[in-house]
Amino acid sequence: MNLIEDWKNRKSSARKQIRKTLSRLEREKGKKLDMLADQVHEEVFSELDCLDCANCCTSIPPMLNKTDIARVARTLGMGTAAFQEQYLRMDEDGDMVMNTSPCPFLQEDHACLIYEDRPKACRQYPHTNEMEFSQRMNLHKVNANHCPAVFHIIERINQALL
């Protein structure tokens, strides 16, 4: 069974265990955990192709900063005001996010129409590498429900530390 199917079959029943694992990992924060997460991230993504899933693009509207807005608007040949009016909304935290899910730039083959110029939030997703894993435990709790890679990264880190 591939990682995406395994995640779909087990994510609901494993939710409590994922939260428990992340709570334990919060006590082990630091460089050692971040290095392990980087290694496991690479391992999982060598087995999983995001284009086979695209659940993040269908379920999580990304946040865009001013630089993202200007870059994407330019790519689309639009002014920033027109881009904001057509594609963005302000969320409950005051952040600018895409106004629809799935993302309007997600194509049928799960490729991104603006991939080279995608928002920073999309570039960094799922936030499990680049020595930042231990700083984002609450985010991983949420993302394990949306991303099979996060789910499997957490499980493999747990196994490695047992």
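Please work out if Arg118 is assigned by TED's automatic domain parsing to the domain that holds Leu22 and not hydroxyl-bearing (Ser, Thr, Tyr). It is false that Arg118 is assigned by TED's automatic domain parsing to the domain that holds Leu22 and not hydroxyl-bearing (Ser, Thr, Tyr). Evaluated against (1) closer than 21 Å to Ala144 by Cβ; (2) not assigned by TED's automatic domain parsing to the domain that holds Trp7, Glu92 falls short on exactly one condition, (1).
Report those helices (runs of 4 or more DSSP H) wholly inside segment 24-87 carrying at least 3 residues which are in contact with a helix residue (DSSP H, G or I) (Cβ under 7 Å, 6 or more places away or on another chain) and touching a residue at least 24 places away in the same chain (Cβ under 8 Å). Talk me through it step by step, then tell me what you get.
Numbers: elements: 31-47, 55-59, 66-75, 80-87.
Ranges flagged: 31-47, 66-75.
The set of residues from segment 105-162 being over 15 Å from the mean Cα position of the chain (by Cα) and among the charged types (D, E, K, R) comprises Glu108, Asp109, Glu116, Asp117, Glu155, Arg156.
The values are calculated or read from the model by the stated rules, or taken from the named source; none is laboratory data. Being a predicted model, the structure only gives us computed values, none of them experimental. Reconstructed Cβ throughout: ideal geometry from the backbone, glycine too, with neighbour counts over all protein chains shown.
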